[in-house]
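Participant: Shown below is the structure under consideration.
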Amino acid sequence: MQQLAGLESVLGDYGGQLASFEWVFSPRGPDGRPKPLFNRVTGEIDPEVAAYWREHYDIVEYINTNWETIGADLRGKFHLVVGTDDTFYLDGAAHSMESTLSRLDGDPHFTFLAGRSHFNVYVEGDDHWALFDKIAAEMYRIARPHD
């Protein structure tokens, strides 16, 4: 993350993945620009911005808070595939979500692919899009069961 943050500092205010998240998810500062989640040099997290992200966009928080209302409609409908070595540590968030859904009897269907990262999760053998094709076919089967 330190290297990614450093790279984005070189790209400037409008470049990079981290900045794009802040433009979408962060509250605005007095100048109208998004407040940064963390200081790119020191790594210090802004607790106000982190709390804002959690309150407005954290799906596990939302599920915990609203399960009584949304649970019946969502039970069994969470399907996720993630690598255990995800480049952006999404496997940790996926474990948290799976644990939450299991505790709430949400019937999650999560697959953790050993050794896969954010960039090779779809690969099977020589086919770099194999998992993508399988997911698309399954979605089509459910959406169009009589085709």
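Participant: Can you go through L90, L101 and tell me which one is in contact with a Pro (Cβ under 6 Å, 6 or more places away or on another chain) and in the same structural domain as M139 (by TED's automatic domain parsing)?
Facilitator: The unique qualifying residue is L101.
Participant: Still on this structure, please answer the following. Tell me whether segment 72-90 contains one or more residues that are closer than 20 Å to M1 by Cβ and acidic (D, E).
Facilitator: To start, the set of residues in segment 72-90 that are closer than 20 Å to M1 by Cβ comprises 82-90.
Of the ones still in play, those that are also acidic (D, E) are 85-86.
There is at least one residue in segment 72-90 that is closer than 20 Å to M1 by Cβ and acidic (D, E).
Participant: Let me ask you something else. Answer yes or no: is there a residue in segment 25-36 that is in contact (Cβ under 8 Å) with a residue 24 or more places away in the chain and under 22 Å from H95 (Cβ atoms). Before you say what the answer is, go through the steps one by one.
Facilitator: First pass over segment 25-36, keeping only residues in contact (Cβ under 8 Å) with a residue 24 or more places away in the chain: 25-27.
Then drop every residue that is not under 22 Å from H95 (Cβ atoms), which leaves 25.
Yes, segment 25-36 contains at least one residue that is in contact (Cβ under 8 Å) with a residue 24 or more places away in the chain and under 22 Å from H95 (Cβ atoms).
Participant: List pairs: first in segment 87-98 and within 15 Å of I59 (Cα to Cα), second among the acidic types (D, E), Cβ under 9 Å, 6+ apart or cross-chain?
Facilitator: So the pair list comes out as D91/D85; G92/D86; A93/D86; A94/D86.
Participant: Tell me the helices (runs of 4 or more DSSP H) entirely within segment 10-125 that contain at least 1 residues that are within 25 Å of I142 (Cβ to Cβ) and modelled with pLDDT of 95 or more.
Facilitator: Counting at least 1 such residues, we get 59-74, 90-103.
Participant: Would you mind finding the one in E61, E44 that is under 29 Å from Q2 (Cβ atoms) and in contact with a Lys or Arg (Cβ under 6 Å, 6 or more places away or on another chain)? Even if it seems obvious, please write down each step before you answer.
Facilitator: On the way: E44 fails: in contact with a Lys or Arg (Cβ under 6 Å, 6 or more places away or on another chain).
Exactly one of E61, E44 is under 29 Å from Q2 (Cβ atoms) and in contact with a Lys or Arg (Cβ under 6 Å, 6 or more places away or on another chain), namely E61.
Participant: Looking at segment 18-36, is at least one residue within 22 Å of H118 (Cα to Cα) and surrounded by fewer than 11 Cβ atoms within 10 Å (Cβ to Cβ)?
Facilitator: Taking every residue of segment 18-36 in turn, at least one turns out to be within 22 Å of H118 (Cα to Cα) and surrounded by fewer than 11 Cβ atoms within 10 Å (Cβ to Cβ).
Participant: Going by the structure shown, is D133 acidic (D, E) and surrounded by 15 or more Cβ atoms within 10 Å (Cβ to Cβ)?
Facilitator: So D133 does not fit the description; no.
Participant: Where residues in segment 53-86 are of a type in the set (V, I, T) and touching a residue at least 24 places away in the same chain (Cβ under 8 Å), which of them is surrounded by the most Cβ atoms within 10 Å (Cβ to Cβ)?
Facilitator: V82
Participant: Does at least one position in segment 49-66 carry a residue that is closer than 19 Å to S9 by Cβ and not assigned by TED's automatic domain parsing to the domain that holds H118?
Facilitator: Yes.
Participant: Looking only at segment 3-12, which residues are loosely packed, with under 13 Cβ neighbours inside 10 Å and either within 20 Å of P47 (Cβ to Cβ) or touching a helix residue (DSSP H, G or I) at 6+ places or on another chain (Cβ under 9 Å) (or both)?
Facilitator: Selection gives L11, G12.
The values are calculated or read from the model by the stated rules, or taken from the named source; none is laboratory data. Note that the coordinates shown come from a computational prediction; the quantities given were computed from them, not determined experimentally. Reconstructed Cβ throughout: ideal geometry from the backbone, glycine too, with neighbour counts over all protein chains shown.
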